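A.B. asks: One structure coming up, written as structure tokens, with questions to follow.
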Amino acid sequence: MSLPAQLGDAVRQTVSVFDGLGLPYAIGGAVAMAFGGYPRGTRDVDVLVLLPALRSQELADAFNAAGFRMHDESDRSMPVDVAQMSRWSREIGHFRVWWKDVKVEVFTPRVPLQDAVLKRRIQIQLEGGLLWITSVEDLILLKMIFHRPKDIEDVRRLLAANQGSLDLAYIESWIPKTLPDSVGAELRDMMRPTGD
């Protein structure tokens, strides 16, 4: 599996920062979906990272040293700033940095499912390097939480691409803990084998 050049570079640079600091992470979103059997175009990287608050400045420094930037409210490029990282994480649940023109959205665990995502992450090879990605089961659950039309379509495609290899019991165990009843019923219906 390969990614478009600039996106692949952004993934490798992001992974290098987290690996260098020894921070557990899992690449998610469209990048992980590509490895889950359903590639679709993307120009950004989503990553969940276990970041103790005491290491936030260390992470900001590592991003800066690796050439990452932030954008301020006027979309002007600026150095990665720990105060901005913290403010965005509080206000919108993640912060954004850029590697050249590629946006990297960095999430930290806020709900129990995200802790499970990091425990169940899968290591894969990408063009000579290793990286950790979100499992297909966890991608499905996360997409059902967001529940936008494109997420529902992604779930359908991931289920079709991974038919027979998914841990359906794991998904089922998280449905009542993460999804409203109607969304859980929708996911159960999508997981049901055709012809039932």
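A.B. asks: Set the Förster radius R0 to 22 Å, insert the Cβ-Cβ distance between Ala65 and Arg87 as r into 1/(1 + (r/R0)^6), and round the FRET efficiency to 0.05.
C.D. replies: Given R0 = 22 Å and the Cβ-Cβ separation, E is 0.50.
A.B. asks: Sticking with this structure for a sec: Can you say what percent of the DSSP beta bridges in the range 13-153, counting only those with both residues inside, are antiparallel? Round to 5.
C.D. replies: Percent antiparallel among DSSP bridges in the range 13-153 is about 75.
A.B. asks: Kindly put Glu127, Glu137 in sequence by how many other C-beta atoms sit within 10 Å of each C-beta, fewest to most.
C.D. replies: Glu127, Glu137
A.B. asks: Where the centroid of each part is defined by its Cα atoms, how far is the range 117-150 from the range 27-80 in Å?
C.D. replies: For the range 117-150 versus the range 27-80, the Cα centre distance is 15 Å.
A.B. asks: Let me ask something else. Dividing the alpha-carbon Rg of the range 136-191 by 2.2 N^0.38 Å yields what?
C.D. replies: Expressed relative to 2.2 N^0.38 Å, the Cα Rg reads 0.98.
A.B. asks: In a Gaussian network model over the chain where Cα atoms closer than 10 Å are linked, find which of Ala169, Ala30, Ala185 has the largest mean-square fluctuation.
C.D. replies: So, out of Ala169, Ala30, Ala185, the one fluctuating most is Ala169.
A.B. asks: Stokes-Einstein diffusion coefficient for the chain at 4 °C in a medium of 1.567 mPa s, Rh from the Kirkwood formula over Cα pairs: what value in µm²/s?
C.D. replies: Translational diffusion coefficient: 74 µm²/s.
A.B. asks: Can you give the longest stretch of the chain with no exposed loop site, where a site means trypsin sites (Lys or Arg not before Pro) in a DSSP loop (not H, G, I, E or B) with at most 15 other C-beta atoms within 10 Å?
C.D. replies: 111-196
A.B. asks: Can you tell me the FRET efficiency between Asp189 and Ile122 if r is taken as the Cβ-Cβ distance and R0 is 25 Å, rounded to the nearest 0.05?
C.D. replies: Plugging the Cβ-Cβ distance into 1/(1 + (r/R0)^6) gives 0.40.
Rule-based calculations on the coordinates, nothing more; no lab input. This one's a predicted model, so the numbers in the text were calculated from it and none came from an experiment. Methodologically, a virtual Cβ is constructed for each residue, glycine included, from the backbone with ideal geometry; neighbour enumeration extends over all protein chains shown.
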